[in-house]
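Trainee: Shown below is the structure under consideration.
The values are calculated or read from the model by the stated rules, or taken from the named source; none is laboratory data. What you see is a predicted model, and the numbers here were worked out from it, not measured in a lab. Cβ coordinates were reconstructed from backbone atoms using ideal geometry, including for glycine residues, and neighbour counts include every protein chain displayed. Quick note on the areas: whole protein, heavy atoms, side chains included, nothing else; ligands and nucleic acids left out. Shrake-Rupley method; radii C 1.70, N 1.55, O 1.52, S 1.80 Å.
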Amino acid sequence: MKRLFLIALLLLAGVSAFCKDSLSVFYRIRLDQDIDQSAQRFVVLGLEKAAEADADYVILDINTYGGAVNAADSIRNAILRYKKPVIAYVNMQAASAGALISIACDSIYMRTGSSIGAATVVNQTGEVAPDKYQSFMRGMMRATAKANGRNPEIAESMVDTANVLSLTPDEAMQVGYCEGTAADAIEVARIVSGGNEFIIREMEDDMTWLDRLIQFLLNPLLQSIFMMMIVGGIFVEIRTPGIGLPLLTALIGALLYFAPGYLGHLVSYWEILLFIVGLVLIAMEIFVIPGFGVCGIAGIIAVVVSLAFAMVDNAELFHWDGTLNLEPVLMPVGIVIISSAAAIFGSVWIVRKLYDTRSFDHIALRQSLTAEEGFTGVISGLETLVGQEVTVFTDMRPSGKVMTMDGRILEASLRFGGYAAKGETLKVVSSEQGRLYCEPTV
């Protein structure tokens, strides 16, 4: 009797284990933000975690109005390379770059009232970009549609600047760009699993504190601030001799700019090395080589290139045929130049505001020492005294001090040498290098 009971328990355990193993595992990644470097890293990380979890399907929950083409291209490549099915669930909007990402997925499901399309490339002001950018985007859309057996002409029409195409769920199903509608990701999983049991794992549950920190620091706004810290700190440090707070600010900005991308596998070591080389070249031009020439210009170019390339996935720099592709770098270069200009103008304004306060002495050395603060030096503007009479303030043998008619006491010398006693009247005949030259009056 006991033997039969044990056999029954073993059979039940085996059936339970079999049912558990037969469950379909869906891994959901929520893409509900602008497509940028942060979104790129988030999706790529999600696909890696889905592979580690051995999920049967990945559901990419999309609700975005688009974003940077280079980031969207990186996400597209990651999806096309993924070995298991990736399902796009258009949760309201898959516009522009979001449409490209959706078409890269193996199947597309849409929520009622959602739309997909409108992939025309625009600049940051919303104006339509030149045709070379549109041509690049059309090529990516066609190639992506072909890779998943969809009509490439439909995908290309989404980039048409004259009559851009957007599709509702019903329209998308008619042209083969949507497998069906679903109220949420759970319903998508139910449809795909054919009514069988399934489980959905959320990417957010698998993210570590380091993953969340890197994701936060990759925010485009923060990256722009870090970039301005780098450029502004270097600029202020150059303008104010001595090593102090501006240099520390630049170093902190560089750490916060490069470290998240490097840890997130978006920045390569050569980009960091190029940035360091650029700083060394600029320092050599300022402190070693007189003037400003080839070394300084090369340093500036190296810094700009390193900051720009750190914003781009290096895999995007080469076409499938091995040729160099510089299209993804153009926008990052523009962002670096604009951020650098803003940092320099902002630094000039801050320095001027701080320069009048004594607190600036704790940040950097002053460049000028004024007579009002007790310092002396070469005095300018003495040419206006030529021809006027002055009174000898101290005995001149042949140099000494004289007092002007407005009460100023200045250094002076007798033009042809000699002696002049205190109280005598002299005539100013010239001024050179902050000193008056006088002759006795007739």
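Trainee: Could you run through the stretch 55-80 and say how many residues are among the small types (Gly, Ala, Ser), in contact (Cβ under 8 Å) with a residue 60 or more places away in the chain and open to solvent by 10 Å² or more (accessible area, probe 1.4 Å)?
Mentor: Qualifying residue count, the stretch 55-80: 1.
Trainee: For the stretch 57-94, give me each residue that is within 22 Å of the chain's Cα centre (by Cα), more than 20 Å from THR168 (Cβ to Cβ) and part of a strand (DSSP E or B).
Mentor: GLY67
Trainee: Give the residue that is nearest to GLU383 (Cα to Cα), with candidates limited to residues of the stretch 399-442 that are open to solvent by 60 Å² or more (accessible area, probe 1.4 Å) and out of contact with any strand residue (DSSP E or B) (no Cβ under 8 Å at 6 or more places or on another chain).
Mentor: Out of the qualifying residues, it is GLU432.
Trainee: Name the pairs whose Cβ atoms lie under 8 Å apart, with the first residue in the stretch 426-442 and of a type in the set (Phe, Trp, Tyr), the second open to solvent by 60 Å² or more (accessible area, probe 1.4 Å), and 6 or more positions between them or separate chains?
Mentor: Matching pairs, first to second residue: TYR437/ARG415.
Trainee: Hand me the list of helices (runs of 4 or more DSSP H) wholly inside the stretch 170-243 holding 1 or more residues that are modelled with pLDDT of 85 or more and more than 22 Å from GLU52 (Cβ to Cβ).
Mentor: It comes to 185-192, 209-217, 220-239.
Trainee: Okay, next question. Suppose the filter is under 18 Å from SER38 (Cβ atoms), surrounded by fewer than 21 Cβ atoms within 10 Å (Cβ to Cβ) and either out of contact with any Gly (no Cβ under 6 Å at 6 or more places or on another chain) or acidic (Asp, Glu) (or both); does ASN219 pass it?
Mentor: Considered against the rule, which asks whether it is under 18 Å from SER38 (Cβ atoms), surrounded by fewer than 21 Cβ atoms within 10 Å (Cβ to Cβ) and either out of contact with any Gly (no Cβ under 6 Å at 6 or more places or on another chain) or acidic (Asp, Glu) (or both), ASN219 comes out as yes.
Trainee: Taking only the stretch 249-285 into account, find how many residues are more than 11 Å from SER306 (Cβ to Cβ) and in contact with a Phe, Trp or Tyr (Cβ under 7 Å, 6 or more places away or on another chain).
Mentor: 3
Trainee: Moving on to the next point. Given (1) touching a residue at least 40 places away in the same chain (Cβ under 8 Å); (2) of a type in the set (Ser, Thr, Tyr); (3) open to solvent by 30 Å² or more (accessible area, probe 1.4 Å), where does THR208 come up short, assuming only one miss?
Mentor: (1)
Trainee: Out of all the residues in the stretch 378-399, which are assigned to a strand (DSSP E or B) and modelled with pLDDT of 90 or more?
Mentor: Residues satisfying the conditions are GLU389, VAL390, THR391, VAL392.
Trainee: Looking at this structure, is SER102 in contact (Cβ under 8 Å) with a residue 12 or more places away in the chain, among the hydroxyl-bearing types (Ser, Thr, Tyr) and in contact with an Asp or Glu (Cβ under 9 Å, 6 or more places away or on another chain)?
Mentor: Here the answer is no, as SER102 does not meet what is asked.
Trainee: Tell me which residues, restricted to the stretch 126-138, are part of a helix (DSSP H, G or I) and surrounded by fewer than 14 Cβ atoms within 10 Å (Cβ to Cβ).
Mentor: ASP131, LYS132, SER135
Trainee: Within the stretch 147-165, is even one residue within 29 Å of the chain's Cα centre (by Cα), of a type in the set (Gly, Ala, Ser) and either under 25 Å from VAL188 (Cβ atoms) or outside any loop (DSSP other than H, G, I, E, B) (or both)?
Mentor: no
Trainee: Still on this structure, please answer the following. For the stretch 81-94, which positions are open to solvent by 10 Å² or more (accessible area, probe 1.4 Å) and not hydroxyl-bearing (Ser, Thr, Tyr)?
Mentor: ARG81, LYS83, LYS84, PRO85, ASN91, MET92, GLN93
Trainee: Can I ask one more? Within the stretch 95-114, restricting attention to residues that are part of a strand (DSSP E or B) and at pLDDT 95 or above, which residue is surrounded by the most Cβ atoms within 10 Å (Cβ to Cβ)?
Mentor: MET110
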